[in-house]
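Novice: Here you go, one structure.
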Amino acid sequence: MSPTERVERVVVQHFAFPLLQALGFDDSEIRYEFETGCGQVDLAARKNGDPEDIFLRSPKNPYLLLEAKSRAVNLREGSCYRDAVCQIESYLLAKNCKSAKWGIITNANNIQLWRKHGKVVHPATANLDISSDNIESIVRNLRDKIENYERALTVCVYNNKGGVGKTTTIINLAATLATTTLATKRKKVLVVDFDSQGDLTRSLGATPGKITLTQCLKDPKIDIHAIVQTYRLKGKQTTLPIFDIIPRDPELETLTDSRAVAYIPKGTRRLRDLIAPLRNEYDYILIDCPTQWLYFSQSGVFAADVILIPTRPDDLSSLNNAARVITSFVPETARSRQDGGPIALPTFFNGVSSGSEYTIRLAHEEIQKLINQEKSVDLRPYFWPHFKRGNENKSIFRIPDYAVISSASFDRRPAVFNHRRVLEYYQSLAREYFIDE
């Protein structure tokens with residue numbers, strides 16, 4: 001064993017193991033060097049189901065994984081931190097860890113809790129500095145999050161460039177998650193139209209009720225359940241409930257930045273607080289917001305766990321603005337929230353026409369320029385998520401440019417209900433980003 005490994009073992013035995021005990025796991029519920037399927041994580045834990053299902057003797061179906069580093073390793077920032085994040089993410093998504101919901105990285109100087117929702121691994125806390133003064137409060141916070149697991153993953157679909165299909169993506173992704181069997185049962189989905197133009201609301205034929213989203217934003221005493229509606233697919237003889245929607249109302253257009261500050265408590269934080277009571281009622285909450293980086297889009301990003309970024313290979317501006325979202329808007333929001341989120345998911349190409357390989361090649365050249373120019377953030381995982389050393393895979397997920405996708409709004413129904421091929425592409429999108437099969 002190397003000196004580094006010996007120091008790391010000290011952290012595991014004298015800090016990490018007692019930490020898991022403080023989080024509510026007893027000795028028989030904790031196992032050293034658990035084989036994830038892509039390497040051994042330092043510690044794994046889960047509650048024992050019954051006397052015949054003792055985790056220490058039956059190392060399967062872990063609930064929490066912990067990867068420890070020596071105190072000399074910088075887990076505050078930099079390459080060591082990024083490597084540790086990639087490591088815990090790969091462990092959580094490994095074949096022997098389908099049941100895992102939580103991951104921790106720590107070196108006894110810093111600690112961060114990560115949450116897994118399907119195929120998404122995202123921060124559940126900020127990267128926290130540990131001291132003798134705050135260790136008890138940190139443990140209480142971690143235990144509270146682990147024991148009060150929130151059901152929903154909140155996704156804001158955003159690019160600081162119009163015409164990339166944000167609204168179309170939300171409508172068809174929501175319908176796909178809510179109605180098709182992928183790897184698991186159908187999901188309960190809520191879509192939130194937080195764009196004052198209301199394209200999503202119109203596309204689904206929804207209308208606001210007597211109590212509106214704007215009223216809820218202004219008055220914290222109003223129960224948000226009063227504005228939740230159900231989108232129903234109309235058939236010849238009946239209607240079928242598909243997913244829920246919070247529609248936009250006309251008054252939302254009057255809320256400029258200055259009016260929002262004047263009339264809405266907590267400003268851009270208000271939407272996150274507003275939907276908080278719904279996070280245990282849905283599997284996915286999808287937020288639509290406008291292009292401009294102003295009140296509505298800032299609110300949508302602030303409310304989200306993750307940001308899904310559509311681009312177009314034939315739109316140079318959409319690629320550059322995607323990079324801006326990743327390097328500027330998301331970190332700016334994370335600094336404001338101070339809880340580790342949100343994070344950006346890898347970008348994808350929306351509206352790819354047949355015979356566009358030359359255009360896609362030009363898009364990849366532009367992406368390479370963006371990667372080379374950016375010094376503060378490594379953009380490669382966001383544009384080329386499958387790129388690895390020794391395997392320069394630059395593939396980007398694509399949704400093809402079918403007229404039926406955009407024209408479906410005239411029918412007031414998601415395109416996935418009109419065409420089987422469209423459904424298959426959005427099923428692939430769900431598998432690529434969200435569903436862990």
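The values are calculated or read from the model by the stated rules, or taken from the named source; none is laboratory data. Fair warning: this is a prediction, and the values are worked out from it, not measured in the lab. FYI the Cβ positions are ideal-geometry reconstructions off the backbone, even for glycines, and counts take in every protein chain you see. The accessibility values were calculated without ligands, DNA or RNA, using every heavy atom of the protein model including side chains. Shrake-Rupley method; radii C 1.70, N 1.55, O 1.52, S 1.80 Å.
Novice: Looking only at the chain, where both bridge partners belong to it, what percent of the DSSP beta bridges are antiparallel (to the nearest 5)?
Specialist: Looking only at bridges with both residues in the chain, the antiparallel portion is about 50 percent.
Novice: Quick one: what are the phi-derived ³J(HN,Hα) couplings along the stretch 91-104, Karplus 6.51/-1.76/1.60 with θ = phi - 60°, whole Hz, x for glycine and proline?
Specialist: Per residue, the Karplus-derived 3J(HN,Hα) values read 5, 5, 9, 6, 5, 8, 10, 4, 7, 5, 10, 9, x, 10 Hz.
Novice: Near the amide H of N110, under 5 Å away, which other amide H atoms are found, from residues 5 or more places off or on another chain, if H is placed in the peptide plane?
Specialist: I130
Novice: Using a simple charge model, +1 on the beta-carbon of Lys and Arg, -1 on the beta-carbon of Asp and Glu, nothing else, what dipole does the stretch 305-437 show about its Cα centre, in debye to the nearest 20?
Specialist: Value, rounded to 20: 20 debye.
Novice: Nothing charged except the Cβ atoms of Lys and Arg (+1) and of Asp and Glu (-1): what's the magnitude of the dipole of the chain about its Cα centre? Round to the nearest 20 debye.
Specialist: Numbers: 58 positive and 52 negative charges, 157 e Å.
So the dipole magnitude of the chain works out to roughly 760 debye.
Novice: If you look at just the Cα atoms of the stretch 303-437, how large are its Rg and its Dmax in Å?
Specialist: Calculated on Cα positions, Rg and Dmax stand at 16.1, 48 Å.
Novice: Just to check I understand the Karplus step: with θ = phi - 60° and J = 6.51 cos²θ - 1.76 cosθ + 1.60, what whole-Hz values come out for the stretch 207-215, glycine and proline as x?
Specialist: Result, rounded to whole Hz: 9, x, x, 5, 9, 10, 4, 4, 4.
Novice: Skip the ligands, DNA and RNA, and give the accessible area per residue of the chain with a 1.4 Å probe, whole Å². Before the final figure, lay out the partial values.
Specialist: Values: 20010 Å² over 437 residues.
It amounts to 46 Å² per residue over the chain.
Novice: Sort the following peptides by mean Cβ neighbour count (other Cβ atoms within 10 Å, averaged over residues), highest first: 266-275, 316-325.
Specialist: The packing order, highest mean first, is 316-325, 266-275.
Novice: Show me 364-371, 303-310 ranked by packing, highest mean number of other Cβ atoms within 10 Å first.
Specialist: In decreasing order of mean packing, 364-371, 303-310 become 303-310, 364-371.
Novice: Further, regarding this structure: Out of residues 5 or more away from I245 or on other chains, whose amide H comes under 5 Å of its own, with H placed 1.01 Å from N in the peptide plane?
Specialist: Here V191, Q229, T230, Y231 satisfy the definition.
Novice: Pop out the ³J(HN,Hα) list for the stretch 298-305 in order, Karplus 6.51 cos²θ - 1.76 cosθ + 1.60 with θ = phi - 60°, rounded to Hz; leave Gly and Pro as x.
Specialist: Working through the residues one at a time gives 4, 5, x, 5, 4, 7, 8, 7 Hz.
Novice: Something else now. Taking amide hydrogens as modeled 1.01 Å from N in the peptide plane, which residues meet the under 5 Å criterion relative to N350, leaving out close sequence neighbours?
Specialist: When sequence neighbours closer than 5 places are left aside, the close amide H contacts are T311, R312, I399.
Novice: If each DSSP helix of 4+ residues adds -39,500 (n - 2.57) and the sum is divided by the residues in the chain, what number results at 222 nm, nearest 500 deg cm²/dmol?
Specialist: -9500 deg cm²/dmol, from helical runs alone.
Novice: Something else about it: Build a GNM of the chain with springs between Cα atoms under 10 Å: which of S258, S353, S328 gets the top mean-square fluctuation?
Specialist: Top of the fluctuation ranking is S258.
Novice: So for each of 218-227, 121-130, 243-252 I average, over its residues, the number of other beta carbons within 10 Å; can you give me the resulting order with the highest mean first?
Specialist: Going by the mean number of other Cβ atoms within 10 Å, highest first, we get 243-252, 121-130, 218-227.
Novice: On to the next question. Could you tell me what percent of the DSSP beta bridges with both partners in the stretch 298-437 are antiparallel, to the nearest 5?
Specialist: Of all bridge pairs located within the stretch 298-437, approximately 10 percent are antiparallel.
Novice: State the Cα centre-to-centre distance between the stretch 271-288 and the stretch 11-79 in whole Å.
Specialist: Using only Cα atoms to place each centre, the spacing works out to 31 Å.
Novice: Using a 1.4 Å probe on the protein chains only, how many percent of the accessible area of the stretch 86-136 belongs to carbon and sulfur?
Specialist: 49 percent
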